[in-house]
Amino acid sequence: MTSRQKLFPVTMVGSWPRPPDVMRALRQKHEGTLSEAAFNQVADEAVVEALRAQEASGLDLVTDGEQRRDNFYSFVAEKMDGVRLTTLAEMLNIVEDKARFERILQTLDVPAFSMKTAMCVGKVRRRSPLALDDYRFLRAHTRSPIKVTLPGPYLLTRSMWVKEVSRDAYHTKEDLGKDVVRILREEVQALKNGGADFIQFDEPVLTELVFTQGQTLTFMCAALAARRDPSEELEFATQLMNQVTKGTSGVRIGVHICRGNWSQNEKVLLSGSYRPLASYLERMNVDQFVLEFATPRAGGLEAIGDVLDGKELGLGVVNPRISEVETPQQIVRRAKEAMLYVPAERLFLNPDCGFGTFAQRPLNTARIAAAKLASISQAASILRA
Ligand SMILES: [Zn+2]
């Protein structure tokens with residue numbers, strides 16, 4: 001890919017803040033008052049706007065800003081058979097342990113009526129591409145290399161398998177995992193054949209497994225039984241990822257892992273270093289880890305230095321949730337620290353996470369997001385010089 005000629009490629013993790021007309025259109029589409037075609041008219045414009053903002057900020061790889069998605073994982077409900085989109089409020093009626101689920105939503109500062117999740121209600125099948133069409137639209141509007149984001153196999157399996165409604169189709173979540181892997185493999189092949197440069201799988205719940213020790217679960221997977229020992233789940237997540245990437249070459253595959261990005265209140269987000277994940281990440285057959293390091297909650301790189309041997313690192317250098325714009329000097333310093341563990345030619349620079357992980361909760365304005373990206377690009381120029 002062309003960006004390989006440049007050191008320190010700059011890219012987003014995925015999402016860009018959605019303008020109010022996109023949020024309105026998303027809501028109307030879900031209510032059934034806006035057709036898919038009419039929605040796409042609004043979204044197409046927003047995607048091009050997000051693209052131009054990235055180009056103006058000097059990014060080396062671009063995304064479509066996830067403008068068409070309600071959030072980074074539940075959008076698959078519209079593309080797959082056997083999956084239903086449900087609000088967390090509806091989920092509350094379904095799960096057995098209602099008190100616990102409600103407590104989680106409250107503790108984590110999650111609005112139950114506006115956030116949606118995808119739930120498995122039958123045999124799952126890829127009815128239409130998950131991201132290929134979106135990729136093609138972006139491809140038609142830019143010559144820059146493109147990163148495509150997809151929910152990771154573990155996140156999808158775990159969040160979609162809700163015992164009360166999924167068990168008729170899949171007795172266990174492991175059974176569902178097999179079909180999720182098949183669907184993601186189909187999508188990877190389609191994107192690769194379409195010429196995508198970078199496919200990033202989002203697996204934010206991996207941190208939840210180790211930092212909460214099964215005591216609380218995020219709202220994304222709240223319907224599942226808690227486990228005190230996370231090792232079995234992490235092993236499952238590692239196996240799923242390796243099954244997805246097995247035998248795949250010719251496209252860069254990354255995994256993004258963070259500690260939640262649903263609130264600007266840092267206190268409700270998880271905290272702890274990547275160390276407990278090290279032995280699992282070490283065995284994940286992917287090209288790049290896209291990790292957050294700008295937030296102090298993520299600890300330092302020394303926690304997983306060994307894991308990065310031979311791998312690329314997408315280094316989180318700005319916090320998408322705060323309005324203060326990090327200076328290029330701050331970012332240069334962070335990159336230099338990272339170079340103690342990862343050589344320059346394997347280092348990418350990006351924010352810690354997306355700017356609009358959930359449609360209804362943009363974490364910053366487009367103006368501040370653009371300023372942060374521009375700051376990263378300036379830092380990259382300084383580093384290259
Ligand atoms: Zn993230």
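The values are calculated or read from the model by the stated rules, or taken from the named source; none is laboratory data. In this text the structure is predicted, and so the values were computed from the model without any measurement. So basically every Cβ, Gly included, is an ideal-geometry build from the backbone, and we count neighbours across all protein chains shown. Just so you know, the surface numbers come from the protein's heavy atoms only, side chains and all, with ligands and any DNA or RNA stripped out. Shrake-Rupley method; radii C 1.70, N 1.55, O 1.52, S 1.80 Å.
Tabulated data for the structure shown
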read-out: Estimated inter-spin distance, Thr327 and Asn242, nm [label 7 Å along Cα→Cβ]; value: 4.6 nm
read-out: Greater than 18 Å apart at Cα, pairs in Lys98/Lys163; Lys123/Lys246; Lys192/Lys246; Lys98/Lys267; Lys116/Lys267; Lys116/Lys372; value: Lys123/Lys246; Lys98/Lys267; Lys116/Lys267; Lys116/Lys372
read-out: Heavy-atom accessible surface of segment 247-350: percent carbon and sulfur, 1.4 Å; value: 47 percent
read-out: Antiparallel bridge percentage (DSSP; both residues within the chain; nearest 5); value: 25 percent
read-out: For segment 256-385, alpha-carbon Rg relative to the globular expectation (2.2 N^0.38 Å, N residues); value: 1.02
read-out: Pairwise centroid distance, computed over Cα atoms, of segment 307-385 with segment 60-88, Å; value: 24 Å
read-out: Alpha-carbon centroids, segment 236-275 and segment 3-52: separation in whole Å; value: 22 Å
read-out: Net lengthening on full extension, Glu31/Arg139 (0.36 nm per residue, minus Cα-Cα); value: 35.9 nm
read-out: Most to least accessible of His30, His256 (protein chains only, probe 1.4 Å); value: His30, His256
read-out: Value in Å of the Kirkwood radius, where the chain supplies the Cα pairs that are averaged; value: 20.7 Å
read-out: Average accessible surface area per residue within segment 1-94, 1.4 Å rolling probe, Å²; value: 39 Å²
read-out: Largest-first ellipsoid semi-axes for segment 11-123, taking √(5λ) over the Cα gyration tensor eigenvalues, angstrom; value: 29, 17, 13
read-out: Spin-label proximity, Glu302 to segment 340-373 - amide N less than 19 Å from point 7 Å beyond Cα toward beta carbon; value: 340-343
read-out: Span-rule helices in the chain, defined as complete DSSP H runs reaching 24 Å or more along the axis (Cα) with Kyte mean at least -0.5; value: 36-56, 366-384
read-out: Check: the chain dipole with +1 on Lys, Arg Cβ and -1 on Asp, Glu Cβ, in debye; value: 300 debye
read-out: Asp309-Asp229 pseudo-label distance in nm [points 7 Å out on the Cα-to-Cβ vector]; value: 2.8 nm
read-out: Accessible-area composition of segment 130-215, carbon plus sulfur, in percent [1.4 Å probe]; value: 46 percent
read-out: The chain: calculated mean residue ellipticity at 222 nm from DSSP helix runs of at least 4, using -39500 (n - 2.57); value: -12000 deg cm²/dmol
read-out: Dipole of the chain, positive end: most advanced residue of Met339, Thr117, Ala380 [Cβ charges, Cα centre]; value: Ala380
read-out: Most mobile listed residue (Ala46, Ala278, Ala335) in the chain, GNM with C-alpha springs under 10 Å; value: Ala278
read-out: For segment 239-288, the Rg and Dmax computed from alpha carbons only, in angstrom; value: 14.0, 41
read-out: DSSP-defined beta bridges in segment 81-209 - what % are antiparallel, rounded to 5; value: 55 percent
read-out: Convex hull per residue volume in Å³, alpha carbons only, for segment 85-193; value: 126 Å³
